[in-house]
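Beneath this line is the structure, given in structure tokens, with notes to follow.
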Amino acid sequence: MTLIAAVGAISFVSWLFPIVLGVAKALNFTVSAVDIIVFYFVFLTISAIISNVIVKITINSKSVG
């Protein structure tokens, strides 16, 4: 279950990030590529952590009730 959540988080970020970059014309030539890649990996890590926390909460609530 945790692996599925992590893959889902990776997929979500990997689809959403290029869409946001395509729409955000203000970032053209103002933000370096390194900054964009760092932000991508930070966003990816945070999404994976949040998805795993949600899975743990869901599993714990199912086992209690």
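The values are calculated or read from the model by the stated rules, or taken from the named source; none is laboratory data. Computed from a predicted structure; not experimentally measured. Virtual Cβ from ideal backbone geometry, glycine too; neighbours counted across all protein chains shown. Heads up: the accessible areas ignore ligands, DNA and RNA and are worked out on the full protein's heavy atoms, side chains in. Shrake-Rupley method; radii C 1.70, N 1.55, O 1.52, S 1.80 Å.
The rows are residues; the columns are (1) at pLDDT below 90; (2) touching a Gly at 6+ places or on another chain (Cβ under 7 Å); (3) open to solvent by 60 Å² or more (accessible area, probe 1.4 Å).
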residue: 1; (1), (2), (3): yes, no, yes
residue: 6; (1), (2), (3): yes, no, no
residue: 9; (1), (2), (3): yes, no, no
residue: 29; (1), (2), (3): yes, no, yes
residue: 34; (1), (2), (3): no, no, yes
residue: 39; (1), (2), (3): no, no, yes
residue: 42; (1), (2), (3): no, no, yes
residue: 46; (1), (2), (3): no, no, yes
residue: 50; (1), (2), (3): no, no, yes
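If only one of 10, 54 is in a helix (DSSP H, G or I), without any contact (Cβ under 8 Å) to a residue 40 or more places away in the chain and in contact with a helix residue (DSSP H, G or I) (Cβ under 8 Å, 6 or more places away or on another chain), which one is it? Quick ask: steps written out before the conclusion?
Numbers: 54 fails: without any contact (Cβ under 8 Å) to a residue 40 or more places away in the chain.
None of the other options fit; the residue is 10.
Among the residues of the stretch 2-37, count how many are of a type in the set (A, V, I, L, M) and within 26 Å of residue 55 (Cα to Cα). Don't jump to the end; show me each part of the working.
Within the stretch 2-37, the first condition is being of a type in the set (A, V, I, L, M), and the residues that meet it are 3-7, 9-10, 13, 16, 19-21, 23-24, 26-27, 31, 33-34, 36-37.
Then drop every residue that is not within 26 Å of residue 55 (Cα to Cα), which leaves 3-7, 9-10, 13, 16.
The qualifying residues number 9.
Given the structure, is residue 42 free of Cβ contacts under 8 Å to residues at least 12 places away in the same chain and part of a helix (DSSP H, G or I)? Give the derivation first.
Numbers: free of Cβ contacts under 8 Å to residues at least 12 places away in the same chain: yes; part of a helix (DSSP H, G or I): yes.
Yes.
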